[in-house]
Amino acid sequence: MLGFEQASHSEQDNITRILAALFQVPSCAVILLGAEDAVTMSAVGFDKGSSVARPASICSFLLTPEDPKKASTLLIESTLSDDRVAQSPLVLDEPKFRFYAGAPMVCWDGLRIGSLCCFDTVPRTVQSWQMQLLVNFAQIATRSLEAKDLALYETEQQNEELFALEEVDFSAGFLRRLRLMEFRTECVLLVWAVPDSMHWPLLFGCRAWTALSGLSITPEASLPATASVVEATTGAHRSDSLWDHLRVSDGFEPLVQVRRSSPLGPHRTFALDAVLADDLPCKAAEQRISCRFSPAEVPLDVAAAAININPGQFSGRSDVQDIGLPQNGHLYFVTITTSSSSGPLIKDLDEQERSTTASTDCKENNLRSASKSSSKTWNSSSEI
């Protein structure tokens, strides 16, 4: 079994790879903001483990305002034209970033511990679907970092907080924690759904999917190359198509649901019951599952919907257009839940969470202690 840190870093690496491909940028990173430094936990385009002084990090602007209800994405299409970052050493010196798009990584208590972000060395524009995609993946990246806290949360405390609940608020507190506890054990896939074919390429799969199916998905950092799908224990290559690993009673139902979407959008969210294929290398084969298919340009769930994206920043269509894949397809997240909370998925994930080391605990405590301050001056000692 992979250790907690290894497993979570592997998932973060897969997230940065697929986002670099979908944003069509050379650099993408998971960056954690500590008391003094911004540390790169995963990256495409520069070294993992590199750091800059926190005031020099463009990501630090994602921490303000501190009100959890005002947490939002940050889009800077031309860094030289933005007074907030034009004097940053990351802009003036190497790597001379000219574009930045970031989504905050938000814990259950509303604390923003870092950023999932994309960079480029030339100015560029993006569409709203890409920013929502960034928010959705930021939630996936965050859950592995706070999985231990969520696993220790007691049911009795949940009940006490439920009775004290006065408003529906998923930006921080009880409801966000409750939703993220559920999310902890859900499998999330990203697929390219094609309305006239049952070959739906897998582009991303979280570690919960590996625990459930026994299959590991490694995305490519550019498209149209497809992801590598292998058996986690043997490395044997398997099909990259979703429907070679899931079975539905009506094989045409997925096609019917996707075809119901207008060619001009918006695309529809739909749900299907399915069974894991009997040739999967896992104990859960033939287990019944529920699959929710949601277009990539809509929030993954109510917790992701609590992060603000300003639609006024964007022009044109909000749904997915040309990303190097077949034109008649569409990006969908597939959220999979199992029929029993006591199955092997929960067991495997809990084993990974119990293997968290003391160094991880210290890292999380340092991040939390650093959450309240944000400097407005640039420090020139960057190392990226």
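Electrostatic tally near His199: other residues with Cβ closer than 13 Å to its Cβ, Lys and Arg +1, Asp and Glu -1, net -3.
Just add up the charged neighbours of Val44: K/R +1, D/E -1, any other residue whose Cβ is under 15 Å from the Cβ of Val44. Numbers along the way, then the final one.
On the way: positive: Arg17, Lys48; negative: Glu11, Asp13, Asp47, Asp120, Glu220.
Neighbourhood net charge equals -3.
Magnitude of the charge dipole for the stretch 32-146, about its Cα centre and with charges confined to Cβ atoms of Lys, Arg (+1) and Asp, Glu (-1), is about 260 debye.
All other residues whose Cβ lies under 13 angstrom from that of Cys118 are scored, Lys and Arg at +1 and Asp and Glu at -1, for a net of +1.
Taking amide H atoms as placed 1.01 Å from N in the peptide plane, the amide H of Met105 lies under 5 Å from those of Ile113, Gly114, Ser115, Leu116, each 5 or more residues away in sequence or on another chain. Between Thr233 and Ala277, the simple label model (points 7 Å from Cα in the Cβ direction) yields a spacing of 1.8 nm.
For the stretch 54-100, what is the charge dipole size about the Cα centre, in debye to the nearest 20, if Lys and Arg each add +1 at the Cβ and Asp and Glu each add -1 at the Cβ? Walk me through the intermediate numbers first.
Values: 6 positive and 7 negative charges, 22 e Å.
Roughly 100 debye, rounded to the nearest 20.
Any read-out appearing in this document is the output of simple, stated calculations on the displayed coordinates, not a laboratory observation. Treat the numbers as computed from the prediction; the structure is a model and nothing was measured. Positions of Cβ are generated from backbone atoms using ideal geometry, with glycine treated the same way; all protein chains shown enter the neighbour counts.
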